[in-house]
Amino acid sequence: MSRKAQVKRDTKETQIVVRLELDGTGKSSPDTGIGFFDHMLDGFARHGLFDLDVVCHGDTQVDCHHSIEDTGIVLGNAIREAVGDKKGIRRYGYFILPMDEALVLCALDLSGRPYLVFDAPFAHGRCGDMDTQMAREFFYAVSYSAGMNLHIKVLYGENDHHIMEAMFKAFGKALDMAVSLDERIAGVLSTKGVL
Ligand SMILES: [Mn+2]
């Protein structure tokens with residue numbers, strides 16, 4: 001069984017293709033036109049051990065907003081599609097990831113019910129060519145389109161690059177746990193019988 005998805009989305013603002021393989025090895029070469037965001041997606045895929053291709057042609061002459069938000073929408077849809085009927089998966093995942101002085105918590109539930117709690121103070125407005133405000137927009141889009149309850153909390157940290165990178169890596173590790181299969185789980189792990 002291979003759990004993968006390819007999702008395409010075209011608007012006047014962005015044209016995006018995402019290919020995601022959950023049972024991968026961490027191969028990734030994102031190309032969104034936003035170097036810092038590519039670096040973040042690469043960290044997510046490598047540490048989640050997902051194979052991830054992202055190509056985004058977006059209106060970066062405006063700013064990075066549409067490209068990052070819409071990539072979140074498409075990635076969330078790819079996650080939902082690749083996870084499929086959720087039979088046998090652990091459903092919950094979490095990680096606390098250190099990066100030098102920064103420590104970031106991520107906990108998530110592939111419940112089918114979208115919700116984002118995001119607590120991340122950044123010291124500056126930008127990391128490279130990415131607005132730090134866009135981290136929240138990205139994770140909001142992912143959580144809604146994947147149908148995921150997602151909590152991200154920066155426990156502490158000083159350097160925005162470290163904080164943001166720890167956040168994306170923690171998300172990858174937490175998602176890897178949530179989508180992993182446990183042979184003891186027969187069917188879907190829910191008292192309701194459906195997720
Ligand atoms: Mn880095």
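Of the residues in region 70-89, none is away from the ligand (no atom under 16 Å from the Cβ), buried (at least 17 other Cβ atoms within 10 Å of the Cβ) and over 30 Å from residue 194 (Cα atoms).
Being away from the ligand (no atom under 16 Å from the Cβ), touching a residue at least 60 places away in the same chain (Cβ under 8 Å), crowded, with 17+ Cβ neighbours inside 10 Å and outside any loop (DSSP other than H, G, I, E, B) is a condition met by no residue of region 29-47. Scanning region 127-153 for residues that are more than 16 Å from the ligand (Cβ to nearest atom) and not in a helix (DSSP H, G or I) gives 131, 133, 147, 148, 149, 150, 151, 152, 153. Kindly establish whether residue 185 is within 19 Å of residue 75 (Cβ to Cβ) and not in a helix (DSSP H, G or I). Answer is no for this residue. Residues in region 62-116 that are over 25 Å from residue 191 (Cα atoms) and assigned to a loop (DSSP other than H, G, I, E, B): 5 in all.
Being surrounded by fewer than 21 Cβ atoms within 10 Å (Cβ to Cβ) and under 25 Å from residue 32 (Cβ atoms): is that true of residue 140 here?
Against the criterion (surrounded by fewer than 21 Cβ atoms within 10 Å (Cβ to Cβ) and under 25 Å from residue 32 (Cβ atoms)), residue 140 qualifies.
Cβ-Cβ distances below 8 Å connect the following pairs, each with a first residue in region 73-90 that is over 18 Å from residue 44 (Cβ atoms), a second residue that is polar (S, T, N, Q), and a separation of six or more residues or different chains: 89/180; 90/180. If you go through region 104-156 and pick out every residue that is among the acidic types (Asp, Glu) and out of contact with any Phe, Trp or Tyr (no Cβ under 6 Å at 6 or more places or on another chain), you end up with 3. For region 155-178, filtered to residues that are more than 13 Å from the ligand (Cβ to nearest atom) and charged (D, E, K, R), the residue that is nearest to residue 38 (Cα to Cα) is 173. Pairs meeting the criteria (first residue in region 153-166 and within 18 Å of residue 116 (Cβ to Cβ) and modelled with pLDDT of 95 or more, second residue assigned to a loop (DSSP other than H, G, I, E, B) and within 11 Å of the ligand (Cβ to nearest atom), beta carbons under 9 Å, at least 6 apart or on different chains) are 166/100.
The values are calculated or read from the model by the stated rules, or taken from the named source; none is laboratory data. Being a predicted model, the structure only gives us computed values, none of them experimental. With ideal geometry, Cβ positions are generated from the backbone for all residues, glycine too; neighbour counts draw on all protein chains shown.
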